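Below is one structure, written out as structure tokens; comments come after it.
What follows is calculated from the coordinates using simple rules that are stated; it is not laboratory data. Everything quoted here is computed from the prediction, not taken from an experiment. When we count neighbours, we look across all protein chains shown, and the Cβ atoms used for this are built from the backbone with ideal geometry, even at glycine.
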Amino acid sequence: MITAGIDMGMRSVKVLLLEKVGAGDTAASKYGIRQLHIMLPGELDQDQAADQAYDEALAAAGLQREDVTAVFATGAGRKQVGFAAEGITEMTAGARGAVYLCPQARTVVDVGAEEGRGMKTDATGRVVDFASNEKCAAGVGSFAEAMARALQMTLREFGEAALKSDRSIPMNAQCAVFAESEVVSLIHSGTPKNDIARAVLDAVASRICAMVRRVGIESEVALIGGMARNAGFVQSLKAAMGVDTISLTDMPEHVGALGCALLAAERRC
Amino acid sequence: MSARNNYPTEPLKLWGKAKQLREQYYANYAKARDNGGLRWSGSAWALDALPAGLGDDVFSLTGEPYAASIAHDRKFARECMDAAESVGFARDLCSYMRIYWGSVQLDRFLFGGKFPSPDFIFQTQICCSHSKWYQHVAGEEKVPQFYLDVGVGPYHELNAARLDYVTNQLHDGIEFLEKSTGRTFDDEKFIKAVKNEMRSTSRWADICALNKVRPAPLDEKTMYSLYVLATLSKSSQWCADFYDELHDEVKDRVARGIAAVSNETCRIISDTQPPWSFLKMFRYLESYGAVSVGSLYTFALQGIWEDQPDGSWGGRSLPWENGVEMNDRDTVLRLYADWNLSKPQWQHFFDPRLKTAMMLRIVREWQVDGVMLHLNRGCEGLSLGIMENRLGIAKAGVPVMSFEGNMGDEREFDEGRVRAQVDAFMEQLGLRRQAA
């Protein structure tokens, strides 16, 4: 039995195919990941992007659509996935996927391109409480990306640069527009790029942390979403949250799609 | 929790009358001077039984419900806010205040014609915006103004000195009314108005208490159109009589098991004023079988409550039913001050824990499954302490979510994002969309 999860994010479409592999008590013993796929839609509209990404994932796995028992979708564009049996919110999908990958996680932090959110979860991955950012870009990946561009760095270089800084420069953690003008001032004042990169990521982490504190921080903390790949941000978030470790996965962008596929397996199979 | 219920439902018979009374209220204000009457303005919390002592031809325009009515008209609301902001008022001020000021600035009345300027301002002061609001209006319209300070601490700490402080100001208020209008204050009319207000506000609480049953006979979206009458003219005979009628009708709905929402599966409460131009969010909740059965705001912005003999929360008993005589001015002013100072919605100005306790009481008594808190950027007063409330509610094990918005300024409400948050909260409560 195979189910699929599709995460229609702001920047990319993530597809995950899940396969039943056993009959244990836990999700981890019952299901295995068959295929991961990520696609940048480019100029495609969302309906086409969902179709294309799904077909590409199936082809890579050597499967046909009829081999899949159920497809669930999540993400901001989940309603555009016309062939999905159900739409699941990012909170529910992310928490379910995170606890599958990190069974001890009770606080899940999800920082993607346009949204940041924090979920408190139980041992089954069910959301107990959540908070998400409002009409503000100060706590999300696109802001970090824009600041990296301003410093003429890739996002990866930006994160690595922050790790080399040993200086903490306070920045406006509440407003991306003000923060950007602060970055420009720092550039003009000759502040080293490493320190600016750290200042930006500290500000994003501070914003995210303040939001997650609304639901309470309970160990373990897992970080999912594209920003989990940014080592500088992970370092800043640890410091802001006051935790020694943050659980990471090697597929942070696919956790929401995984949660969807798990829910599809539980509800439809 | 997702099994679909199918309770019988029917429209509220008094719906049309409530609408007609509201329209009449604004018409009375606008036309007051046609027959030599007077107009005054102040907030929905103004102690309006005092101006009623000036005669039966004295009509009010309460600022918050007026601005909320404008907020439904998104185009006019935006024009009003633009007008207020164009003369330099900051965008993060109370949105009701900006809308009202804009209506004055544009000299346009929502219900047609020029803005009918008041003859005087009569206002209470507990919210930080309230005095400045009407101080500006008084300046623009060049009319006399009176402010009553009611910030004397929580009701459970009320003592004789604090009550004297408010009562003495009420005496001053009568003096102000006589001097600024040239009319003689009529104690008989005043006492009647106080009794009307006590009837209105206690009866509204009784009506809200009827919503404790499952299925709820009223949903909050409907209640907004009913509680508003008390925000307009709680001391009027028509308002008190209407709530008596409404109580009878809602009681009858309870007896017959008539639901406000036929598929009621899950009960929630909200908090503070909603984003008025997005009330369809309540209908969206219903697609999950979730019904908002009220809020501390809807119940107690005007409702006056007390512990009932059985320990439950219900309408405060009327003084004259307890054998208290209401014949002389000072006694009635004192009772009137005490009555208003017990208003539940005033208590959180002094300590957010008092509000949390009341919200948890509502959760228990109204069989509530979850709480939705509106972080209302348009109202500093009622949003004060909401994050403290959130912590207290979550600590009690009650599912709670918060969303950002603004009661009057739609620029601060992101409908798509709030819907996504509602979806997540519904999933947290174990609900799934139900087919129409």
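Of note:
- Residue (of B:TYR336, B:MET358, B:GLY153) at the positive-pole extreme of chain B, dipole from beta-carbon charges: B:MET358
- Shown in residue order for region B:23-29 are the 3J(HN,Hα) couplings computed by the Karplus curve 6.51 cos²θ - 1.76 cosθ + 1.60 at θ = phi - 60°: 5, 5, 4, 5, 5, 4, 5 Hz (x for Gly and Pro).
- Gap separating the Cα centres of region A:210-269 and region A:2-55, nearest whole Å: 18 Å
- Placing R0 at 45 angstrom, the Cβ-Cβ distance between A:LYS164 and A:ALA210 gives a FRET efficiency of 0.95 after rounding to 0.05.
- One decimal place: the segment B:TRP15-B:GLU157 gains 47.2 nm when fully extended, by the rule 0.36 nm per residue minus the C-alpha distance.
- Value of Rg/Rh across region A:23-163 [Cα atoms, Kirkwood radius]: 1.00
- The mean number of Cβ atoms from other chains found within 10 Å of a Cβ in peptide B:419-427 is 6, as a whole number.
- R0 of 25 Å, Cβ-Cβ distance B:TYR165-B:ARG329: FRET efficiency to nearest 0.05: 0.90
- Taking 7 Å steps out from each Cα toward its Cβ at A:SER181 and B:ASP73 produces label points 3.6 nm apart.
- Phi-based couplings in Hz for region A:176-184 (Karplus 6.51, -1.76, 1.60; Gly and Pro marked x): 5, 5, 5, 4, 4, 5, 5, 4, 4
- Quarter of the Cα convex hull surface for the protein assembly as shown, i.e. its orientation-mean projected area (nm²): 34.2 nm²
- The charge dipole of region A:132-241, taken about the Cα centre with unit charges on the Cβ atoms of Lys, Arg (+1) and Asp, Glu (-1), comes to about 40 debye, rounded to the nearest 20.
- Antiparallel bridges, percent of DSSP beta bridges restricted to chain A (to nearest 5): 65 percent
- Rounded FRET efficiency, nearest 0.05, which uses the C-beta distance separating B:ARG419 from A:ALA123 and R0 of 45 Å: 0.95
- For A:THR74, distant residues with modelled amide H under 5 Å away: A:ILE6, A:ASP7, A:MET8, A:ILE88
- The amide H of A:SER247, built 1.01 Å from its N in the peptide plane, has A:VAL221, A:ALA222, A:LEU223 as neighbours under 5 Å, considering only residues 5 or more places off or on other chains.
- Counting only DSSP beta bridges with both residues in the protein assembly as shown, the antiparallel share comes to about 40 percent.
- Average other protein chain Cβ within 10 Å of Cβ, residues A:124-133: 4
- Extending 7 Å from the Cα toward the beta-carbon at both B:ASP307 and B:GLU365 defines two label points whose distance is 1.1 nm.
- Relative packing of peptides B:82-91, B:253-262, A:5-14 - highest average C-beta neighbours within 10 Å first: A:5-14, B:253-262, B:82-91
- For chain A, with +1 on Lys and Arg beta carbons and -1 on Asp and Glu, the positive-most of A:THR89, A:PHE233, A:GLN46 along the dipole: A:PHE233
- Dipole of chain B, positive end: most advanced residue of B:LEU110, B:GLN24, B:ILE258 [Cβ charges, Cα centre]: B:ILE258
- Gyration tensor (Cα) of region A:132-241, equivalent ellipsoid semi-axes in angstrom: 22, 15, 12
- Inter-chain Cβ neighbour average for residues A:83-89, partner chain, 10 Å: 2
- Pairs exceeding 28 Å between alpha-carbon atoms, taken from B:LYS31/B:LYS234; B:LYS13/B:LYS189; B:LYS132/B:LYS234: B:LYS13/B:LYS189.
- For B:VAL400, the residues whose modelled amide H falls within less than 5 Å of its own, excluding neighbours fewer than 5 places apart on the same chain, are B:VAL371.
- Relative counts (whole %) of C-alpha pair distances in chain B, using bins that are 10 Å wide: 4, 22, 32, 27, 12, 2, 0
- Couplings 3J(HN,Hα) for region A:20-36, derived from phi with the Karplus relation 6.51 cos²θ - 1.76 cosθ + 1.60 (θ = phi - 60°), are 6, 10, x, 10, x, 7, 9, 4, 5, 7, 8, 10, x, 7, 8, 7, 10 Hz, where x marks Gly and Pro.
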